[in-house]
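Colleague: One structure follows; several queries about it will come next.
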Amino acid sequence: MPLVREEPPVVTVFGASGFIGRHVVRALAARGWRIRAACRRPDLAAHLQPLGGVGQIMPMQANLRYRASVDRAVSGSDAVVNLVGILSASGRQTYAAVQAFGARAVAEASAAAGITRLVHVSAIGADAASRSVYARTKAAGEAAVLDVVKDAVVLRPSVVFGPEDHFINMFGGLSARSPVMPLIGGGLTRLQPVFVGDVAEAVARAVEGHVAGGRIYELGGPEVLTFRAIIERLLAETGRQPHLLTIPFGLATLAARLSAWLPGAPLTPDQVELLKVGSVVSAAAIGEGRTLEALGIAPTSLGAVLPEYAVRFRPHGQYDRDGLPA
């Protein structure tokens, strides 16, 4: 009688080609999952394939605005992860289309396919009553997911850092080319930076069924820091000394509105609203065991990882003035 080989389980990861996505794919591949890397531009997901074995990671086209593509992406999967989100709207990629309608589309497609293992990544600060469209649509997406798939796991990370992040790298680049570093609102916004590897580990544990469903978890690092403190750490690491300029929220909003028409505008009025609130794990999440620590994950500090990728923003890169490694 021939041996019957059991096929490894399949997980569809929407937004796999992004910053968090590549780390989630790595964590799932290491656990033996076959991965469908679903994204709008599968040609931009080729960098994922070396993270697994031959044929283990398959890029495929899917757009959350088009339900048929979502249905196709989840068909036959054992689990689904939705990482898709945007910090600024562009064209048809609006907050509502991606973060509310898109989240519901993934949940409905998963339910229609009989998939109950759904992990949805949102963000701390998601709030239906927020003045920020980003935060309101994040909240709408969470509500839709939990309404359709009752046992879904919702993860809300704070600001995520890591070698390919859009946060530290943006300000590191600014410090290298500008004599001034803006501190919106005086840099007093409180953040709890969380390492991308820890977020990916939380996602992987949820996919494998080790995280209780039907709950919203808040993921933060071991330290609560002001925006100013984060910038000062970055500058100490890079040896740069730009002038720290306080910009009131009102002036920042005005400047963001005037520059909103520019391609890749560095700041939007909506992002200014988010900075007024901050991003810190709530006391309720800590008390109810809805944190990284409660999932058995020891959070990684910013200081443990920052030197690895901030080095490229030093005046002489990884070399000191004598041309020797620093």
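Any read-out appearing in this document is the output of simple, stated calculations on the displayed coordinates, not a laboratory observation. Since we're looking at a predicted model, the values are computed, not measured. Heads up, the Cβs are rebuilt from the backbone with ideal geometry, glycines too, and the neighbour counts pull from every protein chain shown.
Colleague: What spacing in nm lies between the two simple spin-label points modelled at residue 244 and residue 88, each 7 Å away from Cα in the Cβ direction?
Modeller: For the pair residue 244/residue 88, the computed spacing is 2.5 nm.
Colleague: If you don't mind, there's one more thing I want to ask. So how much slack lies between residue 251 and residue 164, counting 0.36 nm per residue of separation and subtracting their Cα-Cα distance, in nm? Each step should come with its number before you reach the end.
Modeller: Working: separation 87, 0.36 × 87 = 31.32 nm, distance 2.98 nm.
Computed gain between residue 251 and residue 164 is 28.3 nm.
Colleague: Identify, among 266, 160, 202, the residue whose Cα sits farthest towards the positive end of the charge dipole of the chain, taking +1 on the Cβ of Lys and Arg and -1 on the Cβ of Asp and Glu, with the dipole about the Cα centre.
Modeller: Selected residue: 266.
Colleague: So what are the three principal axis dimensions of segment 1-146 from its Cα atoms, in whole Å, longest to shortest?
Modeller: Here the Cα extents, ordered largest to smallest, are 64, 30, 26 Å.
Colleague: Dipole size in debye (nearest 20) for segment 199-326 around its Cα centre, Lys and Arg Cβ +1, Asp and Glu Cβ -1?
Modeller: On the way: 11 positive and 13 negative charges, 74 e Å.
In total the dipole reaches around 360 debye.
Colleague: Where does helix 19-30 land angle-wise versus the long Cα axis of the chain, in degrees 0 to 90, nearest 10?
Modeller: Approximately 40 degrees, to the nearest ten.
Colleague: Between residue 232 and residue 312, with labels modelled 7 Å along Cα→Cβ, what's the label distance in nm to one decimal, could you check?
Modeller: So the label points at residue 232 and residue 312 sit 2.8 nm apart.
Colleague: Mean separation of Cα pairs under 8 Å and 6+ residues apart, divided by the residue count of the chain: what relative contact order is that in percent? It would help to have the intermediate numbers written out before the result.
Modeller: On the way: 629 pairs, mean separation 52.1, N = 326.
Here the relative contact order equals 16 percent.
Colleague: Shifting gears a bit: Based on the Cβ-Cβ distance of residue 111 and residue 293, what FRET efficiency does E = 1/(1 + (r/R0)^6) give at R0 = 22 Å, to the nearest 0.05? If you can, show how the numbers build up before the last one.
Modeller: Details: r = 31 Å, r/R0 = 1.41.
That pair, residue 111 with residue 293, gives E of 0.10.
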